[in-house]
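Reading through the structure tokens given below for one structure.
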Amino acid sequence: MSLATITLPAAPEGEPASCAPLAVLGHDVQVPLVGGEKVTYAALDYAASAPALQRVWDDVAAYAPYYGSVHRGAGYLSQLSTDLFEQSRQAVADFLDLREGDQVVFTRATTDSLNLLAAAVPAGTRVFAFETEHHASLLPWRRDGLTVSYLRAPRSHAEAVAALEAALTQHPEGPRLFCVTGASNVTGELWPVAELTEVAHRHGARVVLDAAQLAPHHRVSVRELGVDWIAFSGHKLYAPFGAGVLAGRSDWLDAAEPYLAGGGASRTVAREVDGSVAVEWHTGPSRHEAGSPNVIGAYAIASACRALTEAGFDALQAREQELIERLQTGLAAIPEVKVLSLFGTDAARVGVLSFVVRGWNSSHFSAALSAEYGIGVRDGLFCAHPLVRTLLGGEEAAPSECGAPEASLPGERSLNAIRVSFGAGTPDEHLDRFLGAVRELVADGARWSYRNEGGRCVADTRR
């Protein structure tokens, strides 16, 4: 059985990625402004969820009529879907440059992947993580049998490496795991993953990499970085169909109880004489993929992996760096804007940047960008409360859903931040419009009145 039986669309022809953005869904969506007119939506919230690549959507649409149950089905569509599911697993392994013996487990997202690993970590393990992590990689380790050491936010790569070295030296016994992000979801700054991994391995500790923000922007080689596991989400990799990946070493995963108990995870189930049920679990990815898997989600991730590889990360990174420099230069020219950073303005980063505007509440500013300019950004604490509060100088805010503080009314002091993020599908015009909007709002203020509704600042249309 082969995917050759499905006619998949060819990769789109056109300008190289270094000259033009990749085609994404929603690039021409028109949205209403508060004054009644419509504009093309400027999607600048890629760090939350990136739009689907047109290539991914076309691949999924081509497969959809052939959708069937996965594994053990005798019918043609079931066998075809099983073949596609396992080929998708291999495509992800190739994309990540996994080592021989590594495995790919399909999950729901990065959060699910790291919780799965946390459930598989041997009892007595000490986990190390910087307080700068996203909640998805900061919180799963807080469970019975594990001890967590949270490390203070470093202000340079060298300080991060030294802090990990000191922490591991202080705790030399037993199994240990270090969790680190590849690129910050708040500042976009790259972390020294290879150097940190070398330190961890020298002390006998293992490493899991949160690549949710790294994988969509940079080539990631598990073999070269040396990390033991890697986790990422499809919805940030231009494949928003509810799937994620945990990939890497098999030993802890094969030794652990299945993440979900059920069909697919079990090799055999038998009734014992005493009335109990005896179970023999699978090893390998199936052990932690109980139930009917998200075949379309897995295939979408594989399609995105192939599309990004074919486009060429060198070209994608070169274009993104041009956009980053344009954004940094534009914001630096506005004295009221303060860009948030751990490692300094010259630090290497992906297309993610957070800032505050003097005299503005961040929710109010973001609402004005949307209502008056058709620009979608994000405001809040970005599910990274300790990091954002450190960058804001320790300001406290009352968090609501996923880290967004209750919005203050216009004119009150900002207790959160604004995040702009972009990627392979972002046109130059979107960033130009964003910079123009920031300049106008700072110079002239909002043209509309706003009110607090359900903890958010929204345009007041009650006229």
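The values are calculated or read from the model by the stated rules, or taken from the named source; none is laboratory data. These numbers were taken from a predicted model, which means no experiment stands behind them. Cβ sites come from the backbone with ideal geometry, for glycine too, and all protein chains shown count toward neighbours.
Across the stretch 56-72, the number of residues qualifying as in contact (Cβ under 8 Å) with a residue 24 or more places away in the chain and in a helix (DSSP H, G or I) comes to 9.
If I filter the stretch 4-33 down to residues being among the aliphatic types (A, V, I, L, M) and modelled with pLDDT under 95, which single residue comes out as nearest to Leu77 (Cα to Cα)? Step by step, filter the stretch 4-33, then rank; the result is Ile6. For the stretch 93-126, the set of residues classified as assigned to a strand (DSSP E or B) and either of a type in the set (Val, Ile, Thr) or within 17 Å of Ala298 (Cβ to Cβ) (or both) consists of Gln103, Val104, Val105, Phe106, Thr107, listed by residue number. Among the residues of the stretch 261-278, which ones are surrounded by fewer than 13 Cβ atoms within 10 Å (Cβ to Cβ) and either in contact (Cβ under 8 Å) with a residue 24 or more places away in the chain or not in a loop (DSSP other than H, G, I, E, B) (or both)? If the condition is that a residue be surrounded by fewer than 13 Cβ atoms within 10 Å (Cβ to Cβ) and either in contact (Cβ under 8 Å) with a residue 24 or more places away in the chain or not in a loop (DSSP other than H, G, I, E, B) (or both), then Ala261, Gly262, Gly263, Arg267, Thr268, Val269, Ala270, Arg271, Val277, Ala278 are the ones that fit. Is it the case that the stretch 132-151 has a residue that's within 30 Å of Gln321 (Cβ to Cβ), of a type in the set (Phe, Trp, Tyr), under 25 Å from the mean Cα position of the chain (by Cα) and surrounded by 22 or more Cβ atoms within 10 Å (Cβ to Cβ)? Scanning the stretch 132-151, I find no residue that is within 30 Å of Gln321 (Cβ to Cβ), of a type in the set (Phe, Trp, Tyr), under 25 Å from the mean Cα position of the chain (by Cα) and surrounded by 22 or more Cβ atoms within 10 Å (Cβ to Cβ), so the answer is no. Taking each residue of the stretch 369-389 that is assigned to a helix (DSSP H, G or I) and looking for partners that are among the basic types (Lys, Arg) with beta-carbon atoms closer than 7 Å, six or more apart or interchain, yields Glu372/Arg447; Tyr373/Arg433.
The residues on offer are Ala129, Ala74, and the sole one that is in the same structural domain as Tyr299 (by TED's automatic domain parsing) and modelled with pLDDT under 95 is Ala74. Summed over the stretch 166-207, the residues that are among the small types (Gly, Ala, Ser), surrounded by fewer than 22 Cβ atoms within 10 Å (Cβ to Cβ) and within 21 Å of the chain's Cα centre (by Cα) give a count of 1.
To keep it simple, each residue is scored yes or no on (1) touching a helix residue (DSSP H, G or I) at 6+ places or on another chain (Cβ under 9 Å); (2) of a type in the set (Asp, Glu); (3) within 29 Å of Leu225 (Cα to Cα).
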position: Pro240; (1), (2), (3): yes, no, yes
position: Ala243; (1), (2), (3): yes, no, yes
position: Ala247; (1), (2), (3): yes, no, yes
position: Asp251; (1), (2), (3): no, yes, yes
position: Ala256; (1), (2), (3): yes, no, yes
position: Ala265; (1), (2), (3): yes, no, no
position: Val269; (1), (2), (3): no, no, no
position: Asp274; (1), (2), (3): no, yes, no
position: Glu280; (1), (2), (3): no, yes, no
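Does the stretch 282-298 contain at least one residue that is surrounded by fewer than 20 Cβ atoms within 10 Å (Cβ to Cβ), among the aliphatic types (A, V, I, L, M) and assigned to a strand (DSSP E or B)? So far as the stretch 282-298 goes, no, none of its residues is surrounded by fewer than 20 Cβ atoms within 10 Å (Cβ to Cβ), among the aliphatic types (A, V, I, L, M) and assigned to a strand (DSSP E or B). Can you find a residue in the stretch 311-328 that is β-branched (Val, Ile, Thr), more than 21 Å from the chain's Cα centre (by Cα) and not assigned by TED's automatic domain parsing to the domain that holds Ala211? No, the stretch 311-328 contains no residue that is β-branched (Val, Ile, Thr), more than 21 Å from the chain's Cα centre (by Cα) and not assigned by TED's automatic domain parsing to the domain that holds Ala211.
Could you please let me know if Val104 is closer than 25 Å to Asn185 by Cβ and in the same structural domain as Ile324 (by TED's automatic domain parsing)? Answer is no for this residue.
To keep it simple, each residue is scored yes or no on (1) more than 21 Å from the chain's Cα centre (by Cα); (2) at pLDDT 95 or above.
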| residue | (1), (2) |
| --- | --- |
| Val352 | no, yes |
| Ser370 | yes, yes |
| Gly376 | no, yes |
| Asn416 | no, no |
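Selection of the stretch 412-447 for residues being surrounded by fewer than 17 Cβ atoms within 10 Å (Cβ to Cβ) and either outside the structural domain of Leu391 (by TED's automatic domain parsing) or of a type in the set (A, V, I, L, M, F, W, C) (or both) yields only Ala443.
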